[in-house]
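Participant: Mind looking over this structure? Questions follow.
The values are calculated or read from the model by the stated rules, or taken from the named source; none is laboratory data. A quick note: this is a predicted structure, and the numbers were derived from the prediction, not measured. Positions of Cβ are backbone-derived with ideal geometry, glycine not excepted, and every protein chain shown enters the neighbour counts.
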Amino acid sequence: MDVTDSHPHEDAPELGRFGSLYVRAGKDAKGLPPRRRTVLSLMPWAVDAVQDYLINIRPGFRDGPQPALWPTERRGRLGTKEIEGRFAAYRDAFGLTRR
């Protein structure tokens, strides 16, 4: 996701600019490339967390153009492998099953 991939949605005005998210590479159909689509934000607490991150954390990253919402320390994009690894670490720390 890029910082600019969120926008208001008429059905969720209370979520402000984060009412919906533009997904560039969503689930694909068999034999077809990934579809681009817009999805609604469903959890107000997640919207609050992203807003807090954008206001209080992300400005501390290196200056310069960086469209990625979740950049790495080297200004690349946070990848699936890193996200899955982080979730696995939290899952294990909380004693949850892999399922």
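Participant: Would you check which residues across the range 5-17 are over 11 Å from the mean Cα position of the chain (by Cα) and outside any loop (DSSP other than H, G, I, E, B) and list them?
Facilitator: His7, Pro13, Glu14, Leu15, Gly16, Arg17
Participant: Of the numbered conditions (1) polar (S, T, N, Q); (2) at pLDDT 85 or above; (3) assigned to a loop (DSSP other than H, G, I, E, B), Asn56 fails exactly one; give the number of that condition.
Facilitator: Unmet for Asn56, out of (1) polar (S, T, N, Q); (2) at pLDDT 85 or above; (3) assigned to a loop (DSSP other than H, G, I, E, B): (3).
Participant: A follow-up question, please. Report every pair of residues separated by at least 6 positions or lying on different chains whose Cβ atoms are under 7 Å apart, first residue within the range 70-82 and within 13 Å of Met1 (Cα to Cα), second surrounded by 13 or more Cβ atoms within 10 Å (Cβ to Cβ) and of a type in the set (Lys, Arg).
Facilitator: The qualifying pairs are Pro71/Arg77.
Participant: Among the residues of the range 70-99, count how many are assigned to a loop (DSSP other than H, G, I, E, B) and modelled with pLDDT under 85.
Facilitator: Residues flagged as assigned to a loop (DSSP other than H, G, I, E, B) and modelled with pLDDT under 85 within the range 70-99 amount to 9.
Participant: Also, I was wondering about something else. So, in the range 31-57, of the ones that are of a type in the set (Val, Ile, Thr) and surrounded by 10 or more Cβ atoms within 10 Å (Cβ to Cβ), which residue ends up nearest to the chain's Cα centre (by Cα)?
Facilitator: Top of the filtered list is Val50.
Participant: Kindly indicate whether any position in the range 42-51 is charged (D, E, K, R) and either part of a strand (DSSP E or B) or in contact with a Leu (Cβ under 9 Å, 6 or more places away or on another chain) (or both).
Facilitator: Within the range 42-51, none of the residues are charged (D, E, K, R) and either part of a strand (DSSP E or B) or in contact with a Leu (Cβ under 9 Å, 6 or more places away or on another chain) (or both).
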